[in-house]
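So the structure is just underneath, and the comments pick up after that.
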Amino acid sequence: MADDFEPEIIVFACHYCAYAAADLAGSMRLQYPSTIRMIKLPCTGKLEVIHLLRALEAGADGVYAAGCLEGECHYLKGNLWARKRVEHVKRLLPEVGLEPERVEMYNMSSAQGPEFARVATEFTERIKALGPNPLRRHGVSPHAAAREAARDVALPDEAPAGAAAPAPAAEAPAQAPTEKGPAA
Amino acid sequence: MITAERKPFDEILELVDGHNKILVAGCDTCVAICLTGGEKEAEILASELRMKAQADGREVEVEHTAAIRQCEWEYLDMIAAKVDEADVVLSMACGIGIQSMAEKFAPKLVVPAVNTNMLGMPQEHAVWLERCGACGECVIGETAGICPVVRCSKSLMNGPCGGSHDGKCEVTTPEKEDIDCAWHLIWERLKAQGREELMHKIRPPKDWSKSSSGGPRKMVKEEAKPV
Amino acid sequence: MTDDGYKAGSNLEKVLAAGKFAVTGECGPPKSADGSVIEKKAQMLKGYVDAVNITDNQTAVVRVSSMASGVQVQQNGVEAIMQMTCRDRNRLAMQADILGASVLGIKNVLCLTGDHMSFGNHPEAKGVHDLDAINLIKMYKDMRDEKKFQCGEEMPVAPALYIGCAENPFADPFEFRALRLQKKIAAGADFMQTQCIFNVPKFKEWMKEVRALGLHQEIKILAGITPLKGVGAAKYMKNFVPGIDVPQEIVDRMASVEKGPPAQAEGKKLAVEMIKELAEVEGVAGVHIMAVEWEEAVPEIVETAGLLPRPAVA
């Protein structure tokens, strides 16, 4: 794979923990890769199988959910549901020709800014080792597709204060992949 | 309720092989309740099929839809336009819904994405147990509300057989889990009801002609037929 | 495969392999434990047929088993074609019974789906239908040629079987009937007996399809003949037996003669005429005479048709 491969990674982050942890990491001036594109959920329990699939279908190189520590979910079991759904997608991916390692479930608390940065770095390294998602198409934004798929459950974005991860320069137009198959 | 399980993905691929416009059609009644073939699951399957096609470098259009009930033609009109456009319809309904689609839209190719497996009772969330064999001649009035036709592995009318041990059947599920011995349950519940004498009599052979052994069945309610 | 190159080495197989025009008969076992019935029928047919079908709970009516009756006819000097239906046995029983039959000296088997339970005397019975006739043929072929049970397990001694099937040229859809025979050949059938033929032109049309597919070279075809005892039998077959096509002119011909011996004579005459006509059809390797509960008519029919003596093939 090309050394200059910069993956695009979608993170479905819980508003109570991982999203705040990202904020904290920013405030702490911790470095983490700019590959991370966040979608804020009120709880990872709102994450659906189709959200992960839509992101991958649109070419996301990796997708992970980041929820509260087990036992600490604000809604008791949302993060446990998210883990089951991620595991289900891991079972589906080999059938369609993708590596199950492209999806993952992580847990962290809002106080774990360094953990957020560590996870982002670790997952980015994993995806870099895997190489690009073969489904990636020019002109299709995985982040926009994932946002569209999760539009009924996602919370509005707010740039984490002092986030170290700047938005990629050339964001493709926010356009969900159509239901049509592989475009040219 | 009628339950179904999704077919293995490879089998689904074979069924739609060679077709470039696929409609995945869910049904929002029984198969949606058993989390197999509702609109949500249709969308997931459509997404998987698109990914697979793209990974294989094939130009395939895959859309999804869902009918409120595929088994009733009135509801199929609502998805007729999408069906028209497709080369093949991959139905996620139970066997009734799939055949209803195949008949309504004949000779359109309609293939199953699920295996319909039983008339089951939800035991807990996402777990179903077979409870009825639709045999056409219900006997549970004399068996304490427990069906020996589907809950006894041998469909005995005069059980339990010699394979009953500690309340369990000699057969295990494909996952090697124990199965309750239906006749043990019947015995215990009849005793609790003070009706165990029902176990003393010899129950005659069942009339299987009222089940599928009698040929395809038809039910007509004369009093309710349109005038 | 036997040492001399036959699949089973049955008399029927040898007669057909030698290119002789074969004659088979049919015996229905009795609805009781009376062992003399089959003995009498066998003695009646001895020397007039190359082998005799032993029906298996024919029309879904309980009778002495085809295996027991088959052994009985063989003890009385007539080779048996044991019929085996899918209605009453699952794959375990069908394999066990063919092994048992083979051990007892039966070499010919006719694989059938079987008449539905609703036609018989136990309409409340559960139909087994674990396999269908085509899968049954394949299972027996694999037992014989691969020494394998249906599950794939191997056996040290395979049953030597000459495997038959039936086909009804008069069932619908007509255009599929020859193709279905082709499937049975692909599954492993060695010989085939047709449903009783009354509509000869339609049978000839079907044989054209069979020849167009080259099937007559792959399987031995025996044309089914049922002598009519009278106009009542003709009408009954026409109106009540599913899958049998009796043209009106045959009913009229049987009606034109007096009941009793004259009608019986006419029925035998008609059977002989039909045998002669069918024998001329390219691809017909023999006749299968189903004289239902009228076995005593068979010797005269075979003799008048010029089919005696029956060949002895070493």
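The values are calculated or read from the model by the stated rules, or taken from the named source; none is laboratory data. Here the structure is a predicted model, which means the values were calculated and not measured. As a convention, Cβ positions derive from the backbone with ideal geometry for all residues, glycine included, and neighbour counts pool all protein chains shown.
From the list A:Leu69, A:Leu47, exactly one residue is within 14 Å of another protein chain (Cβ to nearest Cβ), of a type outside the set (S, T, N, Q) and closer than 16 Å to A:Asn107 by Cβ. Which is it?
After ruling out the rest, the residue left standing is A:Leu47.
If the Cβ limit is 6 Å and pairs must be 6+ apart or interchain, which residue in the stretch B:118-138 that is in a strand (DSSP E or B) pairs with which residue that is modelled with pLDDT of 95 or more and among the hydroxyl-bearing types (Ser, Thr, Tyr)?
Cβ pairs passing all conditions: B:Met118/B:Thr3; B:Gly120/B:Thr3; B:Trp128/B:Thr3.
Kindly indicate the residue of the stretch B:176-202 that is part of a loop (DSSP other than H, G, I, E, B) and under 29 Å from the mean Cα position of the chain (by Cα) and also farthest from B:Val139 (Cα to Cα) among those meeting that condition.
Checked the stretch B:176-202; the qualifying residue farthest from B:Val139 (Cα to Cα) is B:Lys176.
May I ask you to list the residues in the stretch C:127-176 that are touching a Pro at 6+ places or on another chain (Cβ under 9 Å) and either under 30 Å from B:Pro216 (Cβ atoms) or in a loop (DSSP other than H, G, I, E, B) (or both)?
Those that are touching a Pro at 6+ places or on another chain (Cβ under 9 Å) and either under 30 Å from B:Pro216 (Cβ atoms) or in a loop (DSSP other than H, G, I, E, B) (or both): C:Tyr140, C:Lys147, C:Ala171.
Give C:Ala255, C:Ala314, C:Ala271, C:Ala279 a once-over and let me know the one that is in contact with a strand residue (DSSP E or B) (Cβ under 6 Å, 6 or more places away or on another chain) and not hydroxyl-bearing (Ser, Thr, Tyr).
Unique residue meeting the criteria: C:Ala271.
Starting from residues that are within 10 Å of another protein chain (Cβ to nearest Cβ) and of a type in the set (D, E, K, R), keep the ones in the stretch B:18-53 and report whichever is farthest from B:Ala67 (Cα to Cα).
So, considering only residues that are within 10 Å of another protein chain (Cβ to nearest Cβ) and of a type in the set (D, E, K, R), the one farthest from B:Ala67 (Cα to Cα) is B:Lys52.
Yes or no, residue by residue, for (1) more than 22 Å from the chain's Cα centre (by Cα); (2) among the aliphatic types (A, V, I, L, M); (3) buried (at least 16 other Cβ atoms within 10 Å of the Cβ); (4) assigned to a strand (DSSP E or B):
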site: B:Asp10; (1), (2), (3), (4): no, no, no, no
site: B:Leu49; (1), (2), (3), (4): yes, yes, yes, no
site: B:Val89; (1), (2), (3), (4): no, yes, yes, yes
site: B:Ile96; (1), (2), (3), (4): no, yes, yes, no
site: B:Gln99; (1), (2), (3), (4): no, no, yes, no
site: B:Glu103; (1), (2), (3), (4): no, no, no, no
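Quick one: C:Gly243 ticks every box in (1) closer than 19 Å to C:Ala51 by Cα; (2) within 17 Å of the chain's Cα centre (by Cα); (3) not basic (Lys, Arg) except a single one, so which number is it?
Failed condition: (1).
Check off (1) of a type in the set (Gly, Ala, Ser); (2) farther than 23 Å from C:Ala60 by Cβ; (3) out of contact with any His (no Cβ under 8 Å at 6 or more places or on another chain) for C:Ala223 and give me the number that stays unchecked.
Going through (1) of a type in the set (Gly, Ala, Ser); (2) farther than 23 Å from C:Ala60 by Cβ; (3) out of contact with any His (no Cβ under 8 Å at 6 or more places or on another chain) one by one, C:Ala223 breaks only (3).
From the list C:Val281, C:Val246, which residue is surrounded by fewer than 21 Cβ atoms within 10 Å (Cβ to Cβ) and on the phi < 0 side of the Ramachandran plot?
Result of the check over C:Val281, C:Val246: C:Val281.
Inspect the stretch C:39-52 for any residue being away from chain B (no Cβ under 14 Å), of a type in the set (Lys, Arg) and touching a helix residue (DSSP H, G or I) at 6+ places or on another chain (Cβ under 6 Å) and give the result as yes or no.
Yes, there is a match, as at least one residue in the stretch C:39-52 is away from chain B (no Cβ under 14 Å), of a type in the set (Lys, Arg) and touching a helix residue (DSSP H, G or I) at 6+ places or on another chain (Cβ under 6 Å).
Which one is nearest to A:Lys77 (Cα to Cα), of the residues in the stretch A:95-110 that are crowded, with 22+ Cβ neighbours inside 10 Å and within 14 Å of another protein chain (Cβ to nearest Cβ)?
The qualifying residue nearest to A:Lys77 (Cα to Cα) is A:Val103.
Please find, within the stretch B:54-100, the residue that is nearest to B:Thr116 (Cα to Cα) out of those that are among the acidic types (Asp, Glu) and away from chain A (no Cβ under 14 Å).
Looking at residues that are among the acidic types (Asp, Glu) and away from chain A (no Cβ under 14 Å), I get B:Glu72.
Scan the stretch A:1-49 residue by residue and report those that are aromatic (Phe, Trp, Tyr) and in a loop (DSSP other than H, G, I, E, B).
Those that are aromatic (Phe, Trp, Tyr) and in a loop (DSSP other than H, G, I, E, B): A:Phe5, A:Tyr16, A:Tyr32.
At negative phi, in contact with a strand residue (DSSP E or B) (Cβ under 7 Å, 6 or more places away or on another chain) and hydroxyl-bearing (Ser, Thr, Tyr): does that describe C:Thr304?
no
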